[in-house]
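Where a number appears in this text, it was derived from the coordinates with a stated rule and is not lab data. Because the structure is predicted, anything quoted here is derived from the model rather than measured. Methodologically, a virtual Cβ is constructed for each residue, glycine included, from the backbone with ideal geometry; neighbour enumeration extends over all protein chains shown.
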Amino acid sequence: MLDLPEQLINFFDYIFFGFAMAAISSYIILAIISAFETVNYMKKNSFVNYTEILSSSISPSISIIAPAYNESLNIVENVRSLLSNHYVNYDVIIINDGSKDDTLEKLITAYDLIKVDYLINNQVATKPLRKGVFKSTNPAFEKLIVVDKENGGKADALNLGLNISTNKYVACIDVDCLLLEDSLQKMIKPFLEATDHKVIAAGGVIRIANSCIIKDGKLLDINFPKNSIVRGQILEYLRAFLLGRMAWSKLNGLLVISGAFGLFDKKIALEVGGYDTKTVGEDMEIIVRMRRHMEEKKVKYRVAYIPDPLCWTEAPDSYKIFISQRNRWTRGTIETLKKHRKIGFNPKYNSLGILSYPYWFLFERLAPILEVLGLFYFTLLIVTNNVVWDYAILFLIVAYLFTVLFSIITIIAEELTYHQYTKRGMGMQLIKTAFTEPILNHPFILYAAIKGNFDYYFNKSIKWGEMTRKGMSNN
Amino acid sequence: MNLSKKIVLADDNSILAKLLQFKLEKEGYQLLIATNGKEAVNLIEDNRPDMILTDIMMPFISGLEVISHVRNKLEMKTPIVVFSAAGQEEMVLSAFNLGATDFMSKPFSPNELIIRIKRLLQ
Amino acid sequence: MLELLQNSVEALNNSHPIIQFCAYLSLLFIVIIITLLVYLKNLRDRLRIKGRIEATYKKKYESELIEYLYADDDKDSRLQQQKIVDYFKKNAENRLKRKLIIATFLKLKNEISGETSDAIQNLYYQTGLINSATSKLKSKKWDAVARAIRELTLFEIKEAHDEIILLINHPKKEVRNEIQKYLVKLFRFDGLKFLDILENPLSEWDQIQLLEILNKFNNLEVPDMNNWMRSNNTSVLSFTLKLARIYNQFGVSDEIIALFNHPNVDIRIEAINVVTHLGIHEAVAILKEDYFTRSLEEQIAFFKMMEEMAMPDDIPFIREHIEHDNFFIRISVMKTLNLITVDDDNTFKVNTTATDFTIDKDFTIAS
């Protein structure tokens, strides 16, 4: 039995304890700020009439850009859903990123498409076109533009979308996202309301659509899924969005808006060179780059955030895909933070450098590593018979209870704001999930994060990973 | 024998639908109501109405698609009247290009609508 | 059992402060969790009841409203109508129901015009709903005030004008904007008089809302815009330019051209765009003269203008820019010279009439 020096044990104890306390405090502070901001937002928008922002000649034009890769199963339905948005002045650009299946053929048939010669301003270099640009002969579908190009990945496809769009704003979305009818109006509002600063991008809330009834591109019924992995994610997303992002938005410290639905000022997105095709975290990376650009230009700006549920999408329901997704997120975070490490703790970059970057570095990037190190340390203590069991168990209990408490506060916040889970019994299920999520989901997130770190440093060949489509119209 | 003419109304505003139903049924027409484009198309296919009234802005299948479907796929010559919110001139133009017969921009006078319907069903 | 408890408490008191802290913290957490769970259940129940009320009453209010509007003209029906008025009046005492009633009225009123619309407005008076709105104007809570103004706007209550105008310099911009919308909705262009003295910026969102409101009216007499065109408030300038464009105000051509030298580049660009839309030919010569001193964005706007308004003597000048670095200028030049035709939906075709230029489909160079 090794007898570790007491000072060493104390030292590590304090490190882990200190880190945990810092993390907990930060969550609490962010939650409080989020709560205030959300109340504020709801007050401001409770009587706003969004329908007036519809008319064509005056409201700004938006391009919805949706990359598609092997989406044959649902592409026709997804596109139809995008075409039925209530905003008037917009178009839908579907980028078929070198799909190997019949995605393009299905679209051509369903929407009466023919190949056209289309003016493209190649401001960002992308992989070339394959079959070309297509438009519909039916005036009912004049908003639709379909582009077939050589495969280049999501970032590359989005960049081609940026080149093709002739509109001022672009909404970059995942093609299988269900956008609610008034989502564009709500998202464009911060851009148009700003008078003394520029809004460069706006992000929204992603709600999980698994088990929800979606028919004909409309969200008919919201259900709480049975799958525990999905349940855990619902709670996780609610925590992050309701009690996290809103605060960051207020502090003007948002480093990421979801890749599933984000609205950008196209000019600025192109100014910074579009999306980075060499990273798997392109949604976070472009925001950081755009922010950095604005800081360097010394122009007052903001990344806005809309807390209303506007976008519903499928979440992974198997551990394998879930881990793969979180692995990718981890690598994306590492890549982005590394690429922009110059801004870290750099007062030249204001809140971006002094608040956002350090927070993300500490609590998003390092946290999983520290947690695992903590586990190793704990194991080591067990092995060397140095564990003070009271400490260990109590610490675990406090951590667990805090997580549960935080989740319950999240659920209450959800009830007080958007109250989407109305059916009987859902409350109970949400609460149950609050108790089980730390045990059922968190370990896998941790594992995925560690694997992500490992893959980043030692396994350069891995890229995006696949997500098997289950279809949005389920029973 | 009931020779009343059948009208399909597609609009997702429930109280407007109720009002039009009341007024039109009073005039002796038979009214079938759909709350979105898909329902409208189904009603049209099943009932072969004498007239179609449709809002342009509806969930999923828009009014424009309804018109396109009726004129091109079903090849029916049924008179179609579209409602649009004010300022959607482009939409209205598209509607006419697709084969709409008449349009009324919201807010519209229900009485005027009745007069137009009567005239078109002459 | 008691012994166990006593032993535990003793052990606790004898242990390290951190242990005590954690133990108490855990206990605190458990207590809070239980309280919150009770609160949560209560909250969901209340919300469910609220949802049910809304669903039931929505249907009821809709049918009552229709019945009221289309009652016949005999004595019995009129009694029935009065009953309905009283019904609404009584229900409106409950805050949730009042919101529903107003929503129902507006849901219909926004879609139709004419006698039925007036009847609904009349009902708004008769049921006393107007009183709850006007009394809220005096509220200390800004969102209540804003909501009240909005309601009065939607029901077009002109009588409230004097009370509302008192609030015109309210500290909260949301309230000020609701007032602006009220003025424009009810008094049309006259309602825009506040532009004369407006110091706060009018955001693009506000501008669009006001323009939308104006758009719904036909046969409006457009007022004199000259002061607004000389305003110190940039957003007022921007708004006026939009008005000039939408309502084809050739009368202010000179003022628009004067804005070509405004310090704010966005205003200059907007002015060029309006001039293009209105087809004001004098502008061409003016802009050609100081073309090289202008920013790239303005030059792009200038060439867009030339697509519509180029005259034969302008052709040599335009031709010089055919290999300009900027994509938009190149395209504009090619369009103006009729080398290509571009449709509204951005599809194009190359016109083979061009003999001395061949165009690379990439539009990088026309050689």
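Here the Gaussian network model covers chain C, with springs between Cα atoms less than 10 Å apart; of C:Asn42, C:Asn122, C:Asn94, C:Asn42 fluctuates the most. A Cβ-based charge dipole, computed about the Cα centre of the protein assembly as shown with Lys and Arg at +1 and Asp and Glu at -1, lands at about 2200 debye.
Once you order the gyration tensor axes a ≥ b ≥ c over the Cα atoms, which shape class does the range A:190-269 get: rounded for a/c under 1.5, otherwise prolate or oblate by comparing a/b with b/c? Because a/c hits 1.5 or more and a/b exceeds b/c, the range A:190-269 counts as prolate.
A:Tyr301: net charge of surrounding residues, Cβ under 9 Å, Lys/Arg +1, Asp/Glu -1, itself excluded? Intermediate results must be reported in sequence, preceding the final value.
Values: positive: A:Lys198, A:Arg291, A:Lys297, A:Lys300, A:Arg302; negative: A:Glu295.
Net charge around A:Tyr301: +4.
Relative to the dominant Cα principal axis of chain C, helix C:142-154 is inclined by about 60°.
Sum up the charges of everything whose Cβ sits under 15 Å from the Cβ of C:Gln20, counting Lys and Arg as +1 and Asp and Glu as -1, but leave C:Gln20 out.
Details: positive: none; negative: A:Asp390, C:Glu10.
Result for the neighbourhood of C:Gln20: -2.
Once C-alpha pairs closer than 8 Å and six or more residues apart are averaged by separation and normalised to the residue number of chain C, the relative contact order reads 6 percent.
Translational diffusion coefficient of the range A:223-335 at 20 °C, 1.002 mPa s, Stokes-Einstein with Kirkwood Rh over Cα pairs, in µm²/s as a whole number.
137 µm²/s
In chain C, helices alone account for a calculated mean residue ellipticity at 222 nm of -20500 deg cm²/dmol, with every DSSP H run of four or more residues adding -39,500 (n - 2.57).
At 25 °C and 0.890 mPa s, what whole-number value in µm²/s does Stokes-Einstein give for the translational diffusion of chain A, with Rh from the Kirkwood sum over Cα pairs? Show your work: numbers first, answer last.
Numbers: Rh = 23.6 Å.
Estimated via Stokes-Einstein, D reaches 104 µm²/s.
Counting pairwise Cα distances across the range C:16-127, what percent come out greater than 18 angstrom? Looking at the range C:16-127, the distances longer than 18 Å represent 63 percent of pairs. Comparing C:Thr352, C:Thr116, C:Thr127 in a Gaussian network model of chain C where C-alpha atoms under 10 Å apart are linked, the largest mean-square fluctuation is found at C:Thr352. Taking a ≥ b ≥ c as the square roots of the Cα gyration tensor eigenvalues, the range A:54-321 comes out rounded, since a/c falls below 1.5. Selection among A:Ile93, A:Leu82, A:Val299 by position relative to the dipole of the range A:54-321 gives A:Val299 as farthest towards the positive end (Cβ unit charges, Cα centre).
Net charge near A:Glu37, counting Lys/Arg +1 and Asp/Glu -1 over other residues with Cβ under 10 Å of its Cβ? Every neighbour counted, the sum reads +2. Shielding by partners for peptide A:404-417, expressed as the average number of C-beta atoms from other protein chains within 10 Å of each residue's C-beta, is 3.
Determine the dipole magnitude for the range C:269-308: charges of +1 sit on the beta-carbon of Lys and Arg, -1 on that of Asp and Glu, nothing else is charged, the reference point is the Cα centre, and the result goes in debye to the nearest 20. Intermediate values should be presented prior to the final figure.
On the way: 3 positive and 8 negative charges, 11 e Å.
My answer is approximately 60 debye.
Comparing C:Asp254, C:Asp86, C:Asp74 in a Gaussian network model of chain C where C-alpha atoms under 10 Å apart are linked, the largest mean-square fluctuation is found at C:Asp74. Once the Cα atoms of helix A:426-440 and of chain A are each reduced to a long axis, what angle between those two axes, in degrees from 0 to 90 to the nearest 10, is obtained? Tilt relative to chain A: about 60 degrees.
Projected label points at C:Thr35 and C:Thr134, each 7 Å from Cα along the beta carbon direction, are separated by 4.6 nanometres. Ordering of C:270-277, C:95-102 by packing is C:270-277, C:95-102, highest average first (other Cβ atoms within 10 Å, averaged per residue).
Rounded to whole Å and sorted largest first, what semi-axes of the equivalent ellipsoid does the C-alpha gyration tensor of the protein assembly as shown yield via the square root of 5 times each eigenvalue?
Numbers: eigenvalues 489, 310, 175 Å².
Sorted largest first and rounded, they come to 49, 39, 30 Å.
Between B:Glu45 and C:Asn169, the simple label model (points 7 Å from Cα in the Cβ direction) yields a spacing of 6.5 nm. What does the structure give for C:112-119 when I average, per residue, the other chain Cβ atoms found within 10 Å of the residue Cβ? Whole-number average of other-chain Cβ neighbours for C:112-119 is 5.
Model label points for A:Lys43 and C:Ile315, set 7 angstrom from Cα along the Cα-to-Cβ axis, are 6.5 nm apart.
Our analysis of the range A:252-293 gives Rg over Rh at 0.91, with the two radii drawn from alpha carbon positions and Rh computed by the Kirkwood formula. In chain A, the longest principal axis of the Cα atoms and the axis of helix A:154-164 are about 30 degrees apart.
If you filter the range A:312-371 for chymotrypsin sites (Phe, Trp or Tyr not before Pro), then keep DSSP loop positions with at most 15 other Cβ within 10 Å, what is left? Intermediate values should be presented prior to the final figure.
Values: sites: A:Trp312, A:Tyr319, A:Phe322, A:Trp329, A:Phe345, A:Tyr349, A:Tyr359, A:Trp360, A:Phe361, A:Phe363; in loops: A:Phe345.
Sparse-neighbourhood loop chymotrypsin sites (Phe, Trp or Tyr not before Pro): A:Phe345.
Of all trypsin sites (Lys or Arg not before Pro) in the range A:256-308, which ones are in loop regions per DSSP and have a Cβ with at most 11 other Cβ atoms within 10 Å? Those satisfying the criteria are A:Lys278, A:Lys298, A:Lys300. Between the range A:380-448 and the range C:180-246, the alpha-carbon centres lie 54 Å apart. Over all pairs of different C-alpha atoms in the range A:294-377, the reciprocal of the mean inverse distance, the Kirkwood hydrodynamic radius, equals 15.6 Å. Using the rule -39500 (n - 2.57) for each DSSP H run of four or more residues, divided by the residues of chain A, the 222 nm mean residue ellipticity is -15000 deg cm²/dmol.
Qualifying trypsin sites (Lys or Arg not before Pro) in the range C:197-293, where qualification requires a DSSP coil assignment and no more than 13 other C-beta atoms within 10 Å, comprise C:Arg230.
Based on the alpha-carbon gyration tensor of chain C and its eigenvalue square roots a ≥ b ≥ c, which shape applies: rounded if a/c is under 1.5, prolate if not and a/b is larger than b/c, or oblate?
Values: a/c = 2.56, a/b = 1.50, b/c = 1.70.
Since a/c reaches 1.5 but b/c is at least a/b, the shape of chain C is classed as oblate.
Taking 1.306 mPa s as the viscosity and 10 °C as the temperature, the Stokes-Einstein diffusion coefficient of the range C:97-217 based on its alpha-carbon Kirkwood radius rounds to 106 µm²/s. Put simply, when B:94-101, A:258-265, A:125-132 are sorted by average Cβ atoms within 10 angstrom per residue, most first, you get A:258-265, B:94-101, A:125-132.
Please compute the contact order of the range C:209-367 in relative form: average sequence separation of alpha-carbon pairs under 8 Å and at least six residues apart, divided by the residue count, as a percent.
Values: 144 pairs, mean separation 19.7, N = 159.
Computed value for the range C:209-367: 12 percent relative contact order.
Other protein chain C-beta atoms within 10 Å of residue C-beta, averaged over C:31-37: 4.
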